[in-house]
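Okay, structure first, notes after.
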Amino acid sequence: MKILDKYLLKTFLSTFTMVFVILFFIFILQSVWLFIAELAGKDLDLVMVLKFLLFAMPRIVPLVLPLSVLLASIMTFGNLAENYEFAAMKSAGISLQRAMKSLIIFISILSIVAFLFANNVIPYAEFKFINFRKNIAQLKPAMAIAEGQFSDVGLFNIKVNKKSGENGNILTGITIHKKSIFGDGNKTVIKAKNGELISSEKSSTLQLVLNDGNYYEDVVTKKYEDRNKVPFAKSSFKKYIINIDLSKLNPVDVNNTNISNTNTMLNVSELNYTLDSLHKNMDTDILSFSENINQRIGVLGKTMSIPTPKSKTLPKDLMSIYKNEKKLEVLNLAISSVENNLYSIDGTNTELENKQKNINGHLLAFYDKFVIVYACFLMFFIGAPLGAIIRKGGLGLPIVFAVLIFISFHFINTFGKRVSQEDQLSPFFGAWLSSIILSPLAILLTYRATNDIGLINMDVILAPFQKAFQKVFPPQK
């Protein structure tokens, strides 16, 4: 039996390694394609490109690993069934479960390694990856501005028609939208024929020198109806210098790290600590809001100075307590208070919804650490029985089945996370939805493969059609 275990393990490992390397390479190419705008034509040296890819690689493993297990399982057991090796095992009294024993041990070890990888390596790589992308603009500031599109640089949205010069620091056809510090849109537009980027790696300030242009600024009037009379102010300039502070956008060098608050950068213990803090913060906000509302209502009652009625019981029409000249003041005060409370409730509700979404994101990141463990087992118990049933190895039919199953798994997983992120489904069910839906398939396939039942019993499907055909066209005697 040890010889059989070694043979199955060797066959599976060789197939798994080949499939994993091929799929990993394909997904790496996909990552390069997604971030091609950040890499192509920006004068990045080879070391920086390799760093970029190195930090991007670990995030691909949760996608590649389950698919590799699935495809390798189908191919391995499909080859064994196609070459009648399973028939020989069964004739010798070796069941499917016994044949899978050594591979189940390997998948268990692989799942533990996958959890440790997801809990330690991926958060660190994500931390370095996001910071590295942000830091590129500090070492090569001209890269922060792309040709023919608006680029977000600090408080400015900058668009240039053409970049030239040795480092792309000579700009032509410049349009700049300056963001309002109050967050109410872009009220300043600057246009210039040409300009130059001046920077230093020792400085966190990017200097943009503009030549021959105009400066447009919206004039905010006190009265809304006067806005059409004074739409904007315009001034021209021969030379205008803009200093852009990149210290908040990027650290000083690519080895520095400044961003550390993304849930994908945290391990299980850090996520537990962060979730506890987020829940306490949200509970405090809810309590504080309820106390503020109660205080406002109390202040309103004191402001309205309700007169003491002659009788001990209040009348049905409370307004009858007040004199006519006082009623309008009371109504205006009540309307103003209600509007302010509704505005405060809407604002607080939006804030609490955003905080709940943030909590949901952290919960999804927490459950993802464990989903990858179960996904390895799930894909193995789908792929191994399926390969034994279809009895096809190689790269033909197994790839078709593997792709269909994995696309279903990935689509359901993405859908569940999106719905959970919007607080329309529990984050637990959102993260585990794909596993819950596909688990019955794994049980069904294992049962049918163990009992030598085909994938689909065609007789059951075709029998009703055969009976109907015989009724319409009865056989001639």
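The values are calculated or read from the model by the stated rules, or taken from the named source; none is laboratory data. As the structure is a computational prediction, the values presented were derived from the model and not from experiment. Neighbour counts are summed over all protein chains in view; Cβ atoms, including those assigned to glycine, are modelled from backbone coordinates with ideal geometry. Ligands, DNA and RNA are stripped out before the accessible areas are found, and what is left, the full protein with its side chains, is counted by its heavy atoms. Shrake-Rupley method; radii C 1.70, N 1.55, O 1.52, S 1.80 Å.
Working only within region 2-59, note down all residues that are within 22 Å of residue 104 (Cβ to Cβ), at pLDDT 85 or above and exposed (fewer than 13 other Cβ atoms within 10 Å of the Cβ).
Answer for region 2-59, where residues must be within 22 Å of residue 104 (Cβ to Cβ), at pLDDT 85 or above and exposed (fewer than 13 other Cβ atoms within 10 Å of the Cβ): 6, 10, 14, 17.
Select from region 66-75 the residues that are under 23 Å from residue 122 (Cα atoms) and open to solvent by 10 Å² or more (accessible area, probe 1.4 Å) and list them in ascending order.
The answer is 67, and nothing else.
Of the conditions (1) at pLDDT 70 or above; (2) open to solvent by 50 Å² or more (accessible area, probe 1.4 Å), residue 274 fails just one. Which one is it?
So residue 274 meets the others, but not (2).
Is it the case, given these coordinates, that residue 407 is open to solvent by 70 Å² or more (accessible area, probe 1.4 Å), closer than 28 Å to residue 268 by Cβ and free of Cβ contacts under 8 Å to residues at least 12 places away in the same chain?
It is false that residue 407 is open to solvent by 70 Å² or more (accessible area, probe 1.4 Å), closer than 28 Å to residue 268 by Cβ and free of Cβ contacts under 8 Å to residues at least 12 places away in the same chain.
Sort out which residues of region 81-100 are loosely packed, with under 15 Cβ neighbours inside 10 Å and assigned to a helix (DSSP H, G or I), and write them in order of number.
Once the filter is applied, which keeps residues that are loosely packed, with under 15 Cβ neighbours inside 10 Å and assigned to a helix (DSSP H, G or I), region 81-100 yields 87, 88, 90, 91, 97, 98.
What pairs come out if I take residues in region 436-464 that are over 27 Å from residue 411 (Cα atoms) and pair them with residues that are among the hydrophobic types (A, V, I, L, M, F, W, C) and at pLDDT 70 or above whose C-beta lies under 6 Å away, six or more apart or interchain?
So the pair list comes out as 450/96.
What is the one condition in (1) part of a helix (DSSP H, G or I); (2) open to solvent by 10 Å² or more (accessible area, probe 1.4 Å) that residue 78 does not satisfy?
(2)
So which residues in region 340-399 are of a type in the set (Val, Ile, Thr) and closer than 25 Å to residue 432 by Cα, if there are any at all?
359, 371, 372, 373, 382, 399
Quick check: is even one residue across region 375-395 open to solvent by 10 Å² or more (accessible area, probe 1.4 Å), modelled with pLDDT of 90 or more and part of a helix (DSSP H, G or I)?
yes
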